[in-house]
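> After the structure tokens below, expect a handful of questions from me.
Since every read-out is calculated from the coordinates, none of them should be taken as a lab result. Since we're looking at a predicted model, the values are computed, not measured. Cβ coordinates were reconstructed from backbone atoms using ideal geometry, including for glycine residues, and neighbour counts include every protein chain displayed.
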Amino acid sequence: MTASTLLIAFPKGRLGDELVPKLAGTPLALDAQALKSRVLRIPTATPGVAALLLKGADLPRYVAAGVASLGIVGSDTLDEMDMDLLELADLGFGACRLSLCAQEGVTLDSLRAKPHLRLATKFPRATEAWLTREGLTAELVPLSSSAELAPLLGLADAIVDLVQTGGTLRAHGLVETAVLGHSSARLVAARGAYLSEPGRLRPLADQLTALLRREA
Amino acid sequence: MPVRTPHFPDLLFDSAARLRRWEAALMGLLAAQGYRELHPSLVLRESLPEGALRFFDGDDLVALRWDFTVALAGLLARGFAAPPDRVAYAGAVFRRPVQPWEAVERFEVGCERIQPEGERSDEADVELACLLMAIPGALGLKNAILHLGHAALVRRPLEAEGLSGGLADGVVAALSRRAPHRVREVLKGHPAASRLAAHAEALLSELDGPGTLDALGASPYAHLLEGEREHMDRALKALLPILPANLELRVDLADVAGLGFYTGPTLRLWAPGAQQELAAGGRYDRLFPDLGRPWQAAGFCVRLSRLLDLAETRPDLFEPLP
């Protein structure tokens, strides 16, 4: 890899698990050997283009700072962080809902009626926006993982979390009581790199979009 | 152990010398075109915004100068019955950064072209663009890109559709991200959604040379924006024949940065591979009328702090010093 290598930030976790197979066999496929190792900077099948594997919450920072020229990240993360970067395409895959979830039998009206509502979430910004729209107030309990446990153990009355199939919710006896928004994978770009070198970045961005939208 | 606070970077020998040299070169360039220096006070006492560095001077809340254009506008509106037509400035501004890696203290050089309301502004806009085109050479930048935009390309369609407040802000934020799909999301269910989404697609379809203006033909607001298109076309015809060899001119129809401030053509200077624009400006005809003066103005600001960072991180972008 050289100093002029173009870096694309790919997410680890749920989105990354969907992304890597989609790129298999394409010019932007990630090197299989490197993927098996603990290396976080992975060559692709295209010389001069490499991938960084990053946690979703860190990824927008790498792109906004111009360390990575392009990146793929969920729109839920983008909305929470509000970083200064370009969002070139909705890639369609990784679709899920941002939902208010509570134990079976708890309704939205019963949550509304609580004098002191406590909501546990990884998405305080989206939750606050929804509370404002609904004219509600609540104490937000910030969590970074395993939010499903919060209502079961009395940490909160309900949670606001991403729901894809609903399997995790069902396994914990939770149900969706309201949908706050939708999320999907987005192709993002560093503002400076894209605007100052569109001839270098745009073809790669178009290629990524075409490859990832094929089966979305 | 001494701590170097990243938000208040100290300039050591080479950087300090470079700053002095660049300031002198740019102020010399501006003075040669008739721009006279004004130096507004470092401490401001009026309309202090959130991001300013505020402190108490006795019982009075004051702030360090956060923006030269605002400081100069106050000075000119208070002290001049008729404005000097060309002014220049150099020095530091202090404001809390939007991005965590930006410095609070930023060095700038800039200029403003001020006219009585109602005068034709085409020539002033081209004059400023010509000056900005000379900046890369004065700074020793090997190559640069000048983006030409126009604030009305977004504002007028929004006004024509009666969009304001949060909805208009949402559309502008989506365009700033260059995300036409976000425009559709923001306007879902609005009667103008399909028209404004098509307009966004047209604005974002190209980022290239003069041919980019043709993309406006695909917009549902092409007729409404005919005047702006002609204005940009005239500017391009004036600028392209005198474009320096190391400068590329691009039309950026979707430039919405500072849309609440700018009212007409906008200019942004980039270097290939730079993460931030190195100079920016445009026409802001509402500034002086809001201060009770019937004047119109345009100007630009060269962000020397960003250039100093760029010289440290990408020395290959600059000509070697003699």
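> On a straight-distance basis, which lysines could pair with A:LYS114 in a cross-link, Cα separation under 22 angstrom, same-chain partners fewer than 8 positions away excluded?
Within reach: A:LYS122.
> If the chain between A:ASP109 and A:GLU134 were fully stretched, how many nm would it gain, using 0.36 nm times the residue separation less the Cα-Cα distance?
Details: separation 25, 0.36 × 25 = 9.00 nm, distance 1.17 nm.
Full extension of this stretch gives 7.8 nm more.
> Another question, then. So what is the relative contact order of segment A:96-183, in percent, for Cα pairs below 8 Å that sit 6 or more residues apart?
On the way: 159 pairs, mean separation 45.9, N = 88.
Reported relative contact order: 52 percent.
> Output the relative contact order of segment B:87-219, whole-number percent, from Cα pairs under 8 angstrom with separation of 6+ residues.
Working: 87 pairs, mean separation 15.2, N = 133.
Answer for segment B:87-219 is 11 percent.
> Still on this structure, I have one more. For A:LYS36, which aspartates and glutamates qualify as cross-link partners when the Cα separation must be under 19 Å and same-chain residues fewer than eight apart are set aside?
A:ASP17, A:GLU18
> Tell me the relative contact order for chain B as a rounded percent, counting alpha carbon contacts under 8 Å between residues six or more apart. Don't skip to the answer; put the middle values down first.
Working: 519 pairs, mean separation 68.1, N = 322.
Normalised by residue count, the contact order of chain B is 21 percent.
> Treat the count of other C-beta atoms within 10 Å as a stand-in for reagent exposure and order A:ILE159, A:ILE8 from fewest to most.
Details: A:ILE159 29, A:ILE8 23.
Final ranking by Cβ density, sparse to dense: A:ILE8, A:ILE159.
> Hey, can you rank B:114-123, A:82-91 by average C-beta count inside 10 Å, highest first?
On the way: B:114-123: 13.6, A:82-91: 21.1.
Put in order of decreasing packing, that is A:82-91, B:114-123.
> Let me ask something else about it. Only counting other Cβ atoms within 10 Å, I'd like B:ASP255, B:ASP309 sorted with the fewest neighbours first. Could the numbers behind the result be given before it?
Details: B:ASP255 27, B:ASP309 19.
So the residues, fewest neighbours to most, are B:ASP309, B:ASP255.
> Same structure, new question: Which stretch or stretches of segment A:176-216 have amide N atoms under 11 Å from the point lying 7 Å from A:ALA45's Cα along the Cα→Cβ direction?
Correct set: none at all.
> Modelling each spin label as a point 7 Å along the Cα-to-Cβ direction, I'd like the B:LEU61/B:SER194 distance in nm, to one decimal.
About 4.9 nm separates the two model spin labels.
> Per-residue mean of other chain beta-carbon atoms within 10 angstrom of the beta-carbon, peptide B:270-282?
Working: counts 4, 3, 5, 8, 6, 10, 6, 4, 1, 0, 0, 0, 0.
Per residue, the number of nearby Cβ atoms from other chains is 4 on average.
> So, one more: Out of the DSSP beta bridges found with both residues in chain B, what percent are antiparallel (nearest 5)? Don't skip to the answer; put the middle values down first.
Values: 42 of 49 bridges.
Roughly 85 percent of the DSSP beta bridges within chain B come out antiparallel.
> With the Cα gyration tensor of chain B giving a ≥ b ≥ c as the square roots of its eigenvalues, does the rule (a/c under 1.5 for rounded; else a/b larger than b/c for prolate; else oblate) give rounded, prolate or oblate?
Details: a/c = 1.45, a/b = 1.31, b/c = 1.10.
In terms of gyration-tensor shape, rounded.
> When you look at the Cβ of every residue in B:143-151, what mean number of other chain Cβ atoms sits within 10 Å?
Details: counts 1, 1, 4, 0, 2, 0, 0, 0, 0.
Counting other chains' Cβ atoms within 10 Å and averaging over B:143-151 gives 1.
> By how many nm would the segment from B:GLU159 to B:GLU46 grow when fully extended, if each residue of separation counts as 0.36 nm and the alpha-carbon distance is taken off?
Between B:GLU159 and B:GLU46, full extension yields an extra 37.6 nm.
> For the charge dipole of segment B:83-209, defined by +1 on Lys and Arg C-beta atoms and -1 on Asp and Glu C-beta atoms about the Cα centroid, which residue among B:VAL93, B:LEU139, B:ALA193 has the Cα displaced farthest towards the positive pole?
Checked the options; the winner is B:ALA193.
> Can you put B:ARG21, B:ARG178, B:ARG184 in order, fewest other beta carbons within 10 Å first?
B:ARG21, B:ARG184, B:ARG178
> As a test of the formula, what do you get for the protein assembly as shown when each DSSP H run with n ≥ 4 contributes -39,500 (n - 2.57) and the sum is divided by the residue count, at 222 nm and rounded to the nearest 500 deg cm²/dmol? Mind dumping the intermediate values first?
Working: 20 runs with 193 residues, N = 538.
-10500 deg cm²/dmol, from helical runs alone.
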